[in-house]
Amino acid sequence: MAIGQQNQTTGDDETDDADEDIVMEVRDARVQFGMSRGQAWVLNDVDMDVRREEILAIVGESGSGKSMFAAALMDAVEDPGHLSGDVTYYPRETEDDGTPSTDQIGSYDAVGDDSVDVLDMSDGELQSFRWEEVSMVFQGAMNSFNPTMKIKGHFHETIQAHNAVLDERMEHVRDLFEALHLDPDRVMNSYPHELSGGMKQRALIALALVLEPEVLVMDEPTAALDLLMQRSIISMLRELRDEFELTIVFITHDLPLVAGLSDRIGVLYAFEFVEVGETRSLLKDAAHPYTRALLRSVPSIDSDIDSMQPIEGARPDPVNIPTGCSFHPRCPIADDRCEIEDPDLVSAGEDHDAACFYTDQARSELSYILDHGSTED
Amino acid sequence: MSEKTPKSDGGVTQESIFGTDEEAERRRTPPAERARRAFDFYVATPFRVAWSDWRTRIGGAGVLFYLLMGTVGVVLVPPPQINEGPYYLKPFVDWSMPLGTDNLGQGIFKALVHSTPAMMKMALAGIVFSVGVAVLVGMIAGYKGGVIDTILMTMADVFITLPGLPLIIVLAAIFSPKEPFIVGTIIAIDQWPGLARMLRSQVLALRDEDFVEAARSIGLSTPTIVGQELVPKVAPFVLISAAGAAVAVIFQSVALYFIGVLPFSSLNWGVMMQLAYRQGNAVAAPGRAGHWLLFPLLAISGVSFSLILFSQGLDRVFNPRLLARHSETVPEDEQEDAGGL
Amino acid sequence: MNYYIRRFAQAIVTFVVGMFITFALYRLVPGGPVEQIMQDRIQRMQDRGQQVDTRQVAEMAEQLTGINPDQPIPISFYEWLRDIVLYQDFGESILFQDPVFDILFRAMPWSIFLSVYGLLLGFTATIAVGVFMAWHEGTKIDSGLTVFVLVMRSIPYYVAAIVMLSVLAFQWGIFPTGGRAPPAAQPGFNLEFMTGIARHAALPIASNFIVGFAGGAIGMRALSVRVIGADYLRSARLRGLSTNRILSRYLTRNSILPIYTGFMLGIAGMFSSNVITEVIFQYHGVGWFLLEAAVNQDYPLVMAAFVFFSGITVTAIMVADFTYGLIDPRAGTGATRESF
């Protein structure tokens, strides 16, 4: 794709409904890396609205830019990566008379602003903003704790760094631990290596929620866990969302995993969104050939082995993204137009957009069988 | 593939080895070509990689300079003679005696040059002894395991426990060695256990790796596996340790000559320093004999700087973790020990 | 607990084996201590034109060294060890004609003083500089410090000692040129004596500092760079922790782990190189006595000094193993861990 091609500007307006309560808005987010082989785009002018108290799943194969998207939400892209574009955060509305909200926990103060430009913050502001408004559970949770410090220490230092009240916060942590089915006393007094993967993961979620953030970004939080633990964490996330009025952005490569969890799904391919939609609609009636291929590659108990197919071809190289539609080299229904022109996200149903010229054709020609269980809550 | 590109470069050679049956490939390749490839793989490529780092370049040039001084230098520069100049001549005054003279009117520059072979011999003996013992002990312990491993490692433990310099002082006092080779060996006596242990753990780590298991399962004998798989992997490591051993031997031998523990029959830098100190009173009154002491000091610092720079460069070049860090796609892998003290 | 007992036993065994090797080596060399003293005495008597009674000289030499040449080495080793353990009897110094134990016991604090201070300063600097370089990885500060550290490492500590002695002591007179304390001062807790000690120790400690600092910073830097890349460090940064906390509690704490045992071995190395330092500065510590004894074939004193150095080394390594669990919570009982 050519640099600076404003490919998605027209798509914005269609997804922006006035009555939506949006907590984070991402516009033209782009992450570039300078490599010796040339400039690499690992996030390519991406737009996304995160709605308040929804669970948004971002699905993509490894190297599709999904971790970059997660990092972009809290302006945490690591050097030498460079993030540009707009990330806007909308704090929860304060009392109508404009008095400071009473539930301020840490040092971050968003009073008086109805929108905050995240990429424009000073270092100090950013330091408070992270964890107090938007926090994150990382990929590789197994190594997210300092190996020479007890779990308790991680909570204490985080609370202190944000000038919050220790006792009050630790009380909150006890609630969190309860919601996550963790024994507070035992876990708190353990070193990271003394805990199982699942316990560490849950403790990490509690650590992310200690300052009651609005948004919780989770980057492949269950990747290293066994299936049972994955399922149980997924079900706890739903409860957490309801109990603590959270917005969750859940990044994963595992489409079926989030089928029962998320309200909406965004599918990333080659560093941009190819399809975004309400979960049920997207799963039942995927409009983009890539999403359909993804669904077909998923193993399920019902489907026989013949209907399960891997996606042919290799994932695109960040330095050398194909021109036109980035999926065209691997797409079975691509034609000349797809090689030249890059499709924008266009409506493919109610609350459902796809970046493909031939959504109808894709729906009729590319079949997949859905596991019955995956869309049930 | 090999018929089509007999003069293939390193990369293609590797591809063809992995792509085809190795034995068949070997039979088709003439011995000269095989030797050329082996040279390319084991010598030329590492050399090219090493040369890419400024540390190895400068350090290597320095080491080469000292080697030339000890070999060609002694032929070109006549040996120092008594009364060939005035006593305690200052440096940079008379250009036939560029670094001045000592208490007997001998040229210090000539003495420095003619000291080099003794230093080289000591360093060489130290390297051969410490690396030799370490490689032998470490490899055998790691590869054989079991009782042999326990015995050898207990031995290494005992030797680590022996205090290095005091032991050498005692040994030097007992044996009064004069021959540089023996001096080097004695000084290197406490150098091998650490290296042997490191090699052992390297071998242990490698032993469990897939490719070694694969090599064993297709019936390659132990020496073949060691030769083909393990040696190239640990070679850089040994090279770095050798440089370290050389530095240690030079450091300590000079120290021992300087404090007068070692008897001497021939010139070396430590002896020069000792004479400058004892006979020239160079420390207390550097005005007269300071240069006699200073130039050997500089020579030692120079050679150790070269060797340390060289081995630091090698470490950087061969360290897989660092390589991974600086390449584009490979994620940081977690295997690797402390970068050495 | 079992582990500690086993580890302690192992330390004792290595220590005894090490001592035995030295003991036996000393004895087996042609012209061992007895022979050497005999020759020395005969030479002296002949010089004075005295009649030489070889048997009498041999008896005297045996008495001086405490060695019975007819006794098998293991038995004499056993007796030597027994006297040390039971009666702290190391024999009598031939050179100083004093009980060896008294000489060394008085010299010991001075050596420990020099070594420990040099070590503390050197290691602190190593860690600080290494972490600092890693924190600024790839910048000019990093490469500048790397060159500086490499140069520091290339200059042997005794070279630095000689230069300091020559310039700071002999030329400028800032520091005394040798000794442990001002000869005129009354030993005790008085100002003159204490400042005198400090001034006499300054240069030797500076030289030991160079030993401790040496090349460690480069290794420390590599370890720190690795910790900086760890997930938990990134997480800590995003959690808004202060740089100070990240540097101390996260970066330094975790980068020290692999180098910790090395530091403990460094203690042994420090005491070793302290021998040269003491000789250069005429500082009468254990090292200085060891050298005097070695050069003058004062066999009982040499062996005793050797016991001191071996003891320090064995203890340092054992303490390293015992305390590693305290600094790395993951290190169970350490039974399977590489100690070196």
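The values are calculated or read from the model by the stated rules, or taken from the named source; none is laboratory data. Predicted model only: the values in this text are computed from it and were never measured. FYI the Cβ positions are ideal-geometry reconstructions off the backbone, even for glycines, and counts take in every protein chain you see. SASA here: full protein model, heavy atoms, side chains in, ligands and nucleic acids out. Shrake-Rupley method; radii C 1.70, N 1.55, O 1.52, S 1.80 Å.
Residues are listed down the side, and each one gets a yes or a no for (1) more than 10 Å from every other protein chain (Cβ to nearest Cβ); (2) in contact with a Lys or Arg (Cβ under 6 Å, 6 or more places away or on another chain); (3) of a type in the set (Gly, Ala, Ser); (4) surrounded by fewer than 17 Cβ atoms within 10 Å (Cβ to Cβ):
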| residue | (1), (2), (3), (4) |
| --- | --- |
| C:Val116 | yes, no, no, yes |
| C:Thr124 | yes, no, no, yes |
| C:His136 | yes, no, no, yes |
| C:Gly144 | yes, no, yes, yes |
| C:Ile155 | no, no, no, no |
| C:Tyr158 | no, no, no, no |
| C:Leu165 | no, no, no, no |
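List, please: which pairs have Cβ atoms under 8 Å, are six or more places apart or on different chains, and start with a residue in region A:31-42 that is in contact (Cβ under 8 Å) with a residue 40 or more places away in the chain and among the small types (Gly, Ala, Ser) and end with one that is open to solvent by less than 30 Å² (accessible area, probe 1.4 Å) and in a strand (DSSP E or B)?
Within 8 Å, the pairs are A:Gly34/A:Ala40.
Within region C:13-30, how many residues turn out to be more than 9 Å from chain B (Cβ to nearest Cβ) and free of Cβ contacts under 8 Å to residues at least 12 places away in the same chain?
Of the residues in that region, 1 qualify.
So B:Thr20 passes all but one of these: (1) among the hydroxyl-bearing types (Ser, Thr, Tyr); (2) modelled with pLDDT of 70 or more; (3) farther than 20 Å from B:Ile108 by Cβ. Which condition number does it fail?
The one condition B:Thr20 does not meet is (2).
Take the residues in region B:261-292 that are over 29 Å from C:Val302 (Cβ atoms), in a helix (DSSP H, G or I) and not charged (D, E, K, R), then tell me which one is farthest from the chain's Cα centre (by Cα).
Ranking the candidates gives B:Gly287 first.
Return yes or no: is C:Ser242 open to solvent by 40 Å² or more (accessible area, probe 1.4 Å) and at the interface with another protein chain (Cβ under 7 Å from one of its Cβ atoms)?
yes
How many residues, within region C:246-285, are in contact (Cβ under 8 Å) with a residue 60 or more places away in the chain, aliphatic (A, V, I, L, M) and within 9 Å of another protein chain (Cβ to nearest Cβ)?
Residues that pass the stated criteria total 4.
Being away from every other protein chain (no Cβ under 14 Å) and of a type in the set (Lys, Arg) is the filter; apply it to region A:175-222 and report the residue that is most open to solvent (accessible area, probe 1.4 Å).
A:Arg186
Can you tell me which residue within region A:139-159, out of those that are within 7 Å of another protein chain (Cβ to nearest Cβ) and crowded, with 23+ Cβ neighbours inside 10 Å, is farthest from A:Glu245 (Cα to Cα)?
A:Asn146
Please find, within region B:106-151, the residue that is least open to solvent (accessible area, probe 1.4 Å) out of those that are in contact with a Lys or Arg (Cβ under 9 Å, 6 or more places away or on another chain) and closer than 28 Å to B:Pro177 by Cα.
Residue satisfying both the conditions and the ranking: B:Ala134.
Looking at region C:81-105, which of its residues are in contact with a strand residue (DSSP E or B) (Cβ under 9 Å, 6 or more places away or on another chain) and either crowded, with 18+ Cβ neighbours inside 10 Å or basic (Lys, Arg) (or both)?
Selection gives C:Phe90, C:Gly91, C:Glu92, C:Ser93, C:Val100.
Conditions (1) at the interface with another protein chain (Cβ under 7 Å from one of its Cβ atoms); (2) open to solvent by 30 Å² or more (accessible area, probe 1.4 Å); (3) in a helix (DSSP H, G or I), marked per residue:
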site	(1), (2), (3)
C:Met194	no, yes, yes
C:Leu203	no, no, yes
C:Asn208	no, no, yes
C:Gly219	yes, no, yes
C:Leu223	yes, no, yes
C:Arg226	no, yes, yes
C:Leu233	no, no, yes
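Table: residues versus (1) surrounded by fewer than 14 Cβ atoms within 10 Å (Cβ to Cβ); (2) at pLDDT below 85; (3) within 22 Å of A:Gly63 (Cβ to Cβ).
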| residue | (1), (2), (3) |
| --- | --- |
| A:Phe271 | no, no, yes |
| A:Glu275 | no, no, yes |
| A:Ser281 | no, no, no |
| A:Pro322 | no, yes, yes |
| A:Asp336 | yes, no, no |
| A:Glu350 | yes, no, no |
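Go through (1) loosely packed, with under 15 Cβ neighbours inside 10 Å; (2) within 14 Å of chain B (Cβ to nearest Cβ); (3) not β-branched (Val, Ile, Thr) and name the single condition C:Arg44 misses.
Checking C:Arg44 against (1) loosely packed, with under 15 Cβ neighbours inside 10 Å; (2) within 14 Å of chain B (Cβ to nearest Cβ); (3) not β-branched (Val, Ile, Thr), the one that fails is (2).
Go over the candidates B:Arg197, B:Arg216 one by one and state the one that is of a type in the set (D, E, K, R) and either more than 9 Å from chain C (Cβ to nearest Cβ) or without any contact (Cβ under 8 Å) to a residue 40 or more places away in the chain (or both).
Of B:Arg197, B:Arg216, the one residue that is of a type in the set (D, E, K, R) and either more than 9 Å from chain C (Cβ to nearest Cβ) or without any contact (Cβ under 8 Å) to a residue 40 or more places away in the chain (or both) is B:Arg216.
If only one of A:His172, A:His162 is surrounded by fewer than 22 Cβ atoms within 10 Å (Cβ to Cβ) and in contact (Cβ under 8 Å) with a residue 24 or more places away in the chain, which one is it?
The conditions single out A:His172.
What residue, of A:Met121, A:Met149, A:Met136, is modelled with pLDDT of 85 or more, touching a Lys or Arg at 6+ places or on another chain (Cβ under 9 Å) and farther than 25 Å from A:Glu239 by Cβ?
The match here is A:Met149.
Which helices (runs of 4 or more DSSP H) does region C:98-184 wholly contain that include 2 or more residues that are free of Cβ contacts under 8 Å to residues at least 40 places away in the same chain and over 26 Å from C:Gly219 (Cβ atoms)?
Working: elements: C:100-135, C:140-154, C:157-164.
Where helices (runs of 4 or more DSSP H) fall fully within region C:98-184 and carry at least 2 residues being free of Cβ contacts under 8 Å to residues at least 40 places away in the same chain and over 26 Å from C:Gly219 (Cβ atoms), they are C:100-135.
Counting only residues that are under 23 Å from B:Met120 (Cβ atoms), open to solvent by 30 Å² or more (accessible area, probe 1.4 Å) and in contact with a Pro (Cβ under 7 Å, 6 or more places away or on another chain), how many does region B:152-185 have?
2
Among the residues of region B:172-194, write down those that are at the interface with chain C (Cβ under 7 Å from one of its Cβ atoms) and among the aliphatic types (A, V, I, L, M).
Across region B:172-194, the qualifying residues are B:Ala173, B:Ile174.
Please pick out the residue among B:Leu293, B:Leu275 that is crowded, with 23+ Cβ neighbours inside 10 Å and away from chain C (no Cβ under 12 Å).
Being crowded, with 23+ Cβ neighbours inside 10 Å and away from chain C (no Cβ under 12 Å) holds for just one of B:Leu293, B:Leu275, which is B:Leu275.
Mind checking which residues of region B:168-192 are farther than 20 Å from C:Gln297 by Cα, in a helix (DSSP H, G or I) and at pLDDT below 85? Even if it seems obvious, please write down each step before you answer.
Here is the first cut: in region B:168-192, the ones farther than 20 Å from C:Gln297 by Cα are B:179-182, B:184-185, B:188-192.
When the remaining residues are screened for being in a helix (DSSP H, G or I), the result is B:180-182, B:184-185, B:188-190, B:192.
B:Ile189, B:Asp190, listed by residue number.
Give the residue that is modelled with the lowest pLDDT, with candidates limited to residues of region A:352-362 that are out of contact with any Cys (no Cβ under 9 Å at 6 or more places or on another chain) and surrounded by 18 or more Cβ atoms within 10 Å (Cβ to Cβ).
A:Thr359
How about region B:50-105: which of its residues are open to solvent by 80 Å² or more (accessible area, probe 1.4 Å), touching a residue at least 24 places away in the same chain (Cβ under 8 Å) and either outside any helix (DSSP H, G or I) or at positive phi (or both)?
Listed by number, the residues that qualify are B:Ser52, B:Gln81, B:Ile82, B:Lys90.
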